[in-house]
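Down below is the structure, laid out as structure tokens.
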Amino acid sequence: MSLTAKPLTPARAKISSVGMYVPPKLLTNADLESMVETNDEWIVTRTGIRVRHIAEKGVATSDLATEAARRCLAARGVDASEIDAILVATVTPDMMFPATACLVQHKLGATHAWGFDLSAACSGFVYALQMGAKLIESGAHSKVLVIGADVMSSILDYTDRTTCILFGDGAGAVLLEPAAADEVGLVDFKHEVDGTGATSLYMAGGGSLHPATAETVAAKMHYVHQDGGSVFKVAVRKMAELSESLLKRNGLTPADVDCFVPHQANLRIIQATAERLGLPLERVVVNIGEYGNTTAATIPLALCTAMEKGMLRKGATVVLASFGGGYTVGSTLLRWEI
Ligand code: UT7
């Protein structure tokens, strides 16, 4: 018999719903003052962070991701059984394998979904968003859940003041569906990686190069290590550069952007990026003060914040911009359709 196939029916993907979940326990700057030699003034002026949410022991990335997904689906009135695929961006999977996406599929009761994890650190969500969009655009799927979730507290050294003050735990989810005839949805993206950055931001232990041993634990290799200064400079330059060139190839300038949604790693990085782009801060989403850096979750959390604050209306031109370990950089151009 000869091979036949259904014709592809390409449609752009749109974000049709968003949801988020952060664990209730708070870790304030005052709490950190009693753990390491730091102070509220240093943390606020250098990072903009006031408080982060931290998962209780025994609560894992799949728990946060599942709750964010439930809220996202409830907001759209979609049943979990309707989901075709689940993509989870994370650097803190529950386990090395199976993929956290499989655990979420089971907890959510998404009986017809397949899925996988994607590891691109703080750019994980925007990278997964494009993978999900391609599944929609191919005509293969009509409902894809894209989740960014991390329990950063599970890989932080709470005696290292240079890293432990920065990160928090959280999860954000979006539902992707085909855009209707009068909608635009996800338009374009630019992604870059630069593997020379691998020595500036990493967790060395637990992988195939340095499997867990008593020595790797003693050497603190299962914690985040970061050369903050180097990362800072590249983050500002690359997020602005990529966003600007993405806009340019779509005939736009930063002045056309209604809402800029940057990765939340440091308030000064966000401000410097906005300044480079010539974007007024009223059009820039900032919630780092309340959540810290939640790695793959920052952008979907920021989308929820933007919805709450009324910064996103249907038809708005939106740019998402990320930067993270790898180095990984990503910028996404879309029209908001909710
Ligand atoms: O999401 C992934 C991507 N990550 C990022 O984008 C993070 C990028 N980097 C940053 O956000 C910043 O570099 C940090 C917030 C990590 C650090 O801020 P900084 O302004 O670059 O500070 P620094 O590392 O240059 O340190 C300045 C001083 C140092 O003391 P000396 O050497 O000047 O005496 C540090 O030891 O501040 C000291 N310091 C602290 N002091 C109080 C470092 N951490 C702390 C702390 N509390 N928590």
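Readers should treat all values here as calculations from the given coordinates under stated rules, not as data from a laboratory. Bear in mind the structure is a predicted one, so any value in this text is a computation, not a measurement. A quick note on method: Cβ atoms are made from the backbone with ideal geometry, for glycine too, and the neighbour counts reach across all protein chains shown.
Using +1 at the C-beta of Lys and Arg and -1 at the C-beta of Asp and Glu, which of Ser142, Ala110, Tyr158 has the Cα lying farthest in the positive direction of the dipole of region 54-163?
Ser142
Which residue, Ser119, Met20, Met239, has the largest displacement toward the positive end of the dipole of the chain when charges sit on each Cβ (Lys, Arg +1; Asp, Glu -1)?
Met239
Between helix 267-277 and the chain, what is the angle of the helix's C-alpha long axis to the longest principal axis, kept within 0 to 90° and rounded to the nearest 10?
50 degrees
Gaussian network model of the chain, Cα springs within a sub-10 Å range: biggest mean-square fluctuation belongs to which of Thr92, Thr196, Thr163?
Looking only at Thr92, Thr196, Thr163, the biggest GNM fluctuation is shown by Thr196.
How big is the dipole moment of region 186-335 about its Cα centre under a simple scheme where the beta carbon of each Lys and Arg is +1, that of each Asp and Glu is -1, and everything else is neutral? Debye, nearest 20, please.
Around 260 debye, computed over region 186-335.
Let me have the 222 nm mean residue ellipticity of the chain computed from DSSP H runs of 4+ only, each contributing -39500 (n - 2.57), with the sum over all residues rounded to the nearest 500.
-9500 deg cm²/dmol
Viscosity 0.692 mPa s, temperature 37 °C: give me the Stokes-Einstein translational D for region 186-335 in µm²/s, with Rh taken as the Kirkwood radius over C-alpha pairs.
Reported coefficient: 201 µm²/s.
Taking the alpha carbon gyration tensor of region 1-75, what are the square roots of 5 times its eigenvalues, largest first, to the nearest whole Å?
Semi-axis lengths for region 1-75 are 44, 16, 13 Å.
Please report the spacing between the Cα centers of region 20-89 and region 147-190 in Å, no decimals.
If you average the Cα positions of each part, the centres end up 10 Å apart.
Find the relative contact order for the chain and round it to a whole percent, using C-alpha pairs within less than 8 Å whose residues are 6+ positions apart.
Relative contact order of the chain: 25 percent.
Please give the helix 228-249 orientation as an angle from the longest Cα principal axis of the chain, in degrees from 0 to 90, rounded to the nearest 10.
For helix 228-249, the angle is close to 20 degrees.
List the aspartates and glutamates whose Cα sits under 13 Å from the Cα of Lys14, skipping any in the same chain fewer than 8 residues away.
Glu137, Glu177, Asp182, Glu183, Asp188, Glu337
I'd like to compare 49-57, 295-303, 223-231: which one has the highest average count of other Cβ atoms within 10 Å, and what's the full order after that?
Ranking, from highest mean packing down: 295-303, 49-57, 223-231.
Check the straight Cα-Cα distances from Lys248 and name the lysines below 18 Å, setting aside those fewer than 8 residues away within the same chain.
In chain and number order, the partners are Lys190, Lys238.
Normalised radius of gyration for region 13-178, please: alpha carbon Rg relative to 2.2 N^0.38 Å, two decimal places. List each step's numbers first, then the result.
On the way: Rg = 16.9 Å, N = 166, 2.2 N^0.38 = 15.3 Å.
So the Cα radius of gyration is 1.10 times the expected 2.2 N^0.38 Å.
About the Cα centre of the chain, how large is the charge dipole given +1 on each Lys and Arg Cβ and -1 on each Asp and Glu Cβ? Please answer in debye to the nearest 20.
The dipole of the chain has a size of about 620 debye.
For the chain, what is the Kirkwood estimate of the hydrodynamic radius, computed as the reciprocal of the mean inverse distance between distinct Cα atoms, to one decimal in Å? Intermediate values should be presented prior to the final figure.
Values: mean 1/r = 0.0498 Å⁻¹.
Result for the chain, one decimal place: 20.1 Å.
Working out 0.36 nm times the residue gap between Thr45 and Ser208, then minus their Cα-Cα distance, what length gain in nm do you get to one decimal?
Stretched fully, the Thr45-Ser208 segment lengthens by 54.8 nm.
Place +1 on the Cβ of every Lys and Arg and -1 on the Cβ of every Asp and Glu in the chain, take the dipole about the Cα centre, and give the residue among Met1, Ala65, Leu277 whose Cα lies farthest towards its positive end.
Most positive-ward Cα: Met1.
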